[in-house]
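Working notes, beginning with the structure itself.
The values are calculated or read from the model by the stated rules, or taken from the named source; none is laboratory data. Please read all numbers here as calculations on a predicted model, not as lab measurements. For neighbour counting, all protein chains shown are included, and Cβ atoms are generated from backbone atoms with ideal geometry for every residue, glycine included. Note: areas computed on protein heavy atoms with side chains; ligands, DNA, RNA excluded. Shrake-Rupley method; radii C 1.70, N 1.55, O 1.52, S 1.80 Å.
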Amino acid sequence: MTFIRLRGNGVSPGIGMGELSLTEPVLLAARRESISPASVDAELRRLKKAVERTKNELLQLKQEITVNMGEEHSFIFDAHLLILEDRSLFDSIQNAVRGEKVRVEWALTQVNQKYQELFDAIADDYFRQRKSDVSDVLGRVSANLEPKMKRRAEQDREKKEVLVAHEMLPSEAAIRFSRGNVLAVATDMGGPTSHTAILARSLSIPAVVGLHNITQQVKNGDFVIVDGTDGEVIVNPPLAVRKEFLSKKERYDHYFRELKKTAKLKSVTLDDVKFFPLANIELPDEVEMAFSFGAEGIGLFRSEFIYLQSTSLPKEEDHLAAYSRIAKAAYPAPVYIRTIDIGGEKSLPQLKIEKEPNPALGLRAIRFSLRHRDLFKVQLRAILRASVLKNVRILIPMITEVEEIGEVKLLFEEVKKELEKERIKFDRQIPLGVMIEVPAAAAITDIIVKEVDYLSIGTNDLIQYYLAVDRSNEFVSYLYKPLHPSVLRLIRFIIQTALREGKDVAVCGEMAADPLCALVLLGFGLRKFSMNPIFIPRIKKTLRSVELKTVEKVVEEAMNLKTAQDVEESIIERILAKHPKAFLLGQVM
Ligand code: PEP
Ligand code: MG
């Protein structure tokens, strides 16, 4: 039994250990087999039957997951049913069978290959990972061509085990997780925004992805430890290591139990000042999990996902289904739906956008939406239609100048008039806000804020543009400092300007999820902190452990310091002097 330690990307925190179970890869690697022209019709009938079987199977699985885990987790199957109904995808399969006179298995393999390549060409991780949904559906259709070859995904397993896979298919993750016997997950492929990662997080199953080749180094029955917090996987550890991780696991479990208790506590500082922890989500599935972590609303729904659940352009009804689901699940809490932030490097196969030399400075977000007004109007109509419960708000990303807000408002009015004419109900008072992510917009916050109902500061982009540091470039990541004095001055200006105008302001970038940064933001006057739901408990604990009065003083004094490090040290030292038990670093105790 070989002892190995591997590093990957920890996407769901905690430690799980137990016997390893390898799940097999999807089999979409058929050999080319020609058929005679006379067999084409029979072959197409096989495809039709397999699609029907797949549809029934997906409906059945949806039912099973709804019963076992609740309706919120069955959304993946709706997405898969939509892919199954996608005309252009199935036209390509039929055309391949007809044109090349080949078996359906080969046509499915080819078409899948084509879609994988199209998705691979997308730089954005979140988008790229949606390709597994297409493989998942096509793999299921392929298995249903010969229904006797039962997929292992449906094999029942009672034993508790650690799943190890090359790539965990979204539907398979849902099925296996729903049976409640998965201790942890480790995969070769995947990233933090894959369905498996999101689902694992929402069910508190530790997971490490992006391990490259773990499947080639292990076998069924090996003992494995998955440390989802530190992104490590250990196979066949000696006793000493096993003991070390057992006690680490106890510490983590205790830490998470304690932290999660804060979900039920009031969001107030020691001197009873109310703050609002809000959630950033990327899938409608995440709403319930967000509330269980203590979210008091959805501060940012990254609506890009709608473009990914289908290989053709999403229709108004597709948008509407997702927004309504979120609005209902969150009701009466508010839901801020951000209009799509695609274009630039986040391009999509169905949109055929030209590659740009400098995508971060290119046609993305609202620039893209104003260039493709028909698509934008579809999204605005759906958001308005989902607003009947009156808890939906709109958020426009990447605003650079006031003129863009004017154009958005004109379009918005146009869409409202259309809906009125069609006698479709919506919230006439639906508020409209913008994200402050471009330094030029930040500098004219006083002008912009008068045009809108609220602001949300997207610090991820704002910092990258302000400091001229690519947020995903590891060579310059040492310069990416949210506590850089110039960043702090800019953010203080935005927050205080908005508040002076009597407008709501939130921060929805990663900064809100960092305990020290959250304190600084609180000191600036911020009360709305929107973040990945798993960080809500620690931010809540941090803000509950301090007095606003102290924080304001400490933060104001830190504004005169020269470097990010000075700011950090001064805040820690001075807060601890007043509140020795303050939870400043969010660390595992
Ligand atoms: C941001 O830029 O801070 C933000 C929240 O948007 P995204 O991370 O989706 O670009
Ligand atoms: Mg952004």
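The criterion of being small (G, A, S), within 19 Å of A498 (Cβ to Cβ) and open to solvent by 20 Å² or more (accessible area, probe 1.4 Å) holds for A440. Taking the stated definitions as given, is S472 assigned by TED's automatic domain parsing to the domain that holds Q496, under 18 Å from G297 (Cα atoms) and either within 16 Å of ligand 2 (Cβ to nearest atom) or modelled with pLDDT of 95 or more (or both)? No, not satisfied. Put simply, of F223, F256 the only residue that is within 24 Å of S530 (Cβ to Cβ) and either aromatic (F, W, Y) or open to solvent by less than 60 Å² (accessible area, probe 1.4 Å) (or both) is F256. Output the residues belonging to segment 549-589 that are over 19 Å from H484 (Cα atoms), in contact with a Ser or Thr (Cβ under 6 Å, 6 or more places away or on another chain) and buried (at least 19 other Cβ atoms within 10 Å of the Cβ). The answer is A582, F583.
Look at segment 401-415 and say how many of its residues are buried (at least 17 other Cβ atoms within 10 Å of the Cβ) and out of contact with any Lys or Arg (no Cβ under 6 Å at 6 or more places or on another chain).
Here the count works out to 4.
Name every residue in segment 526-571 that is within 33 Å of the chain's Cα centre (by Cα), farther than 19 Å from V507 by Cα and either of a type in the set (S, T, N, Q) or part of a strand (DSSP E or B) (or both), in order of residue number. Of everything in segment 526-571, those that are within 33 Å of the chain's Cα centre (by Cα), farther than 19 Å from V507 by Cα and either of a type in the set (S, T, N, Q) or part of a strand (DSSP E or B) (or both) turn out to be S545, T563, Q565. Tell me whether segment 453-464 contains one or more residues that are away from ligand 1 (no atom under 13 Å from the Cβ), open to solvent by less than 70 Å² (accessible area, probe 1.4 Å) and at pLDDT 95 or above. Checked against the condition, which is being away from ligand 1 (no atom under 13 Å from the Cβ), open to solvent by less than 70 Å² (accessible area, probe 1.4 Å) and at pLDDT 95 or above, segment 453-464 yields at least one hit. Take L138 and decide whether it is at pLDDT 85 or above, open to solvent by less than 60 Å² (accessible area, probe 1.4 Å) and either within 27 Å of P192 (Cβ to Cβ) or in the same structural domain as A165 (by TED's automatic domain parsing) (or both). Yes. Highlighted here are the helices (runs of 4 or more DSSP H) found entirely within segment 153-252 that include at least 1 residues which are more than 26 Å from the chain's Cα centre (by Cα), in contact (Cβ under 8 Å) with a residue 12 or more places away in the chain and more than 15 Å from G10 (Cβ to Cβ): 214-217.
Would you pick out the residues in segment 362-400 that are in a helix (DSSP H, G or I), open to solvent by 10 Å² or more (accessible area, probe 1.4 Å) and within 16 Å of ligand 2 (Cβ to nearest atom)? Hit for segment 362-400 is R367, nothing else. Each residue in segment 180-220 was checked for being of a type in the set (S, T, Y) and either surrounded by fewer than 24 Cβ atoms within 10 Å (Cβ to Cβ) or modelled with pLDDT of 90 or more (or both), and 4 of them qualify.
Among the residues of segment 528-546, the one identified as within 16 Å of ligand 1 (Cβ to nearest atom), over 18 Å from V11 (Cα atoms) and open to solvent by 10 Å² or more (accessible area, probe 1.4 Å) is K528.
Within segment 267-278, residues that are under 16 Å from A290 (Cα atoms) sit with their Cβ atoms under 9 Å from residues that are of a type in the set (D, E, K, R) and open to solvent by 50 Å² or more (accessible area, probe 1.4 Å), at 6+ positions apart or across chains, in these pairs: S267/K274; S267/E296; S267/R544; F276/E296; F276/R527; P277/E296; L278/E296. Return a yes/no flag: does segment 431-442 have any residue that is away from ligand 1 (no atom under 16 Å from the Cβ), under 21 Å from L375 (Cβ atoms) and among the aliphatic types (A, V, I, L, M). Yes, there is a match, as at least one residue in segment 431-442 is away from ligand 1 (no atom under 16 Å from the Cβ), under 21 Å from L375 (Cβ atoms) and among the aliphatic types (A, V, I, L, M). Screening segment 497-525 for residues that are within 16 Å of ligand 2 (Cβ to nearest atom) and assigned to a helix (DSSP H, G or I) and picking the one that is most open to solvent (accessible area, probe 1.4 Å) gives E510. Does G525 fit the bill of being touching a strand residue (DSSP E or B) at 6+ places or on another chain (Cβ under 9 Å) and within 16 Å of ligand 1 (Cβ to nearest atom)? Here the answer is no, as G525 does not meet what is asked. Being more than 18 Å from L488 (Cβ to Cβ) and of a type outside the set (F, W, Y): is that true of L548 here? Spelling it out, it is not the case that L548 is more than 18 Å from L488 (Cβ to Cβ) and of a type outside the set (F, W, Y). So V554 fits all but one of (1) within 24 Å of Y255 (Cα to Cα); (2) touching a residue at least 24 places away in the same chain (Cβ under 8 Å); (3) not assigned by TED's automatic domain parsing to the domain that holds I396; what number is the exception? Against the list (1) within 24 Å of Y255 (Cα to Cα); (2) touching a residue at least 24 places away in the same chain (Cβ under 8 Å); (3) not assigned by TED's automatic domain parsing to the domain that holds I396, V554 comes up short only on (1).
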